[in-house]
Amino acid sequence: MKKRVIFCDFDGTITINDNIIAIMKHFQPAGWEDIVEKLMDQTITIQKAIGSMFALLPSTQKDEVIRFALDNMQIRSGFNELLHYCQENDIEFLVTSGGIDFFVYPTLSPFGIKAERIYCNESDFSGQQIAILWPHPCDDACDQGCGMCKTTLIRSYSPEQYTRIMIGDSITDFAGAKLADYVFARSHLAAQCMKLQMPFYAYENFFEVIDQLPAL
């Protein structure tokens with residue numbers, strides 16, 4: 001029998017809000033909206049977009065940026081219950097985030113998720129502008145410039161040994177959804193799945209995910 005593994009997005013999935021966009025909307029660095037538009041049109045890569053947006057912010061704003069991100073964090077209902085369900089039913093749970101370490105790790109710390117099960121991008125405030133680092137880059141099979149490459153991680157779990165389940169909401173989840181055995185989708189990801197006629201389970205909270213897991 002295959003072991004189940006969940007690859008769960010963070011921004012807009014575990015959290016209600018997209019934290020990178022929230023940061024940009026709050027601090028309003030000139031040019032960030034043009035970058036988002038190019039990202040949604042898929043004329044630039046996710047890595048290029050995230051790196052370029054944060055490069056618009058000076059490192060002197062580090063404390064303000066971190067405080068704003070953490071103060072405005074909202075967790076989607078049912079998340080803690082999903083973690084308990086996974087633990088009780090031997091489902092491996094991984095956080096696969098295109099977000100940044102300075103808000104991902106503090107937000108998840110109360111939930112007891114081991115650090116090695118959290119995949120996200122890193123930040124560097126040592127220069128004049130905020131720099132984003134990419135510890136989980138694309139492998140040779142991916143040329144999408146993901147930043148934190150979800151398909152690379154999914155491919156490391158053999159489909160012969162694992163039932164691979166993705167939970168996501170946005171453009172950072174598109175490629176991974178094509179590889180997963182089952183997809184839980186909302187927002188942009190749900191729209192893309194419908195466009196490509198890919199089967200998916202719709203969700204707005206994690207209780208809806210839990211309800212479907214016994215059948216997977």
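Structure notes:
- Matching option when the condition is out of contact with any Gly (no Cβ under 7 Å at 6 or more places or on another chain), without any contact (Cβ under 8 Å) to a residue 24 or more places away in the chain and closer than 23 Å to Cys149 by Cα, among Lys25, Lys3, Lys38: Lys38
- Selected residue (criterion: farthest from the chain's Cα centre (by Cα)) from residues of the stretch 1-52 that are open to solvent by less than 10 Å² (accessible area, probe 1.4 Å) and among the small types (Gly, Ala, Ser): Ala49
- Exactly one residue out of Phe206, Phe184 is open to solvent by less than 50 Å² (accessible area, probe 1.4 Å) and touching a Lys or Arg at 6+ places or on another chain (Cβ under 9 Å), and it is Phe206.
- Qualifying residue in the stretch 103-117 (condition: farther than 27 Å from Met24 by Cα, of a type in the set (A, V, I, L, M) and in contact (Cβ under 8 Å) with a residue 24 or more places away in the chain): yes
- Against the conditions (1) crowded, with 18+ Cβ neighbours inside 10 Å; (2) at pLDDT 95 or above; (3) hydroxyl-bearing (Ser, Thr, Tyr), Ser170 satisfies every one except (2).
The values are calculated or read from the model by the stated rules, or taken from the named source; none is laboratory data. None of the values given here were measured: they were computed from a predicted structure. Don't worry about glycine lacking a Cβ; one is built from the backbone with ideal geometry, like all the others, and counts go over all protein chains shown. What goes into the accessible areas is simple: the full protein's heavy atoms, side chains included, and nothing from ligands, DNA or RNA. Shrake-Rupley method; radii C 1.70, N 1.55, O 1.52, S 1.80 Å.
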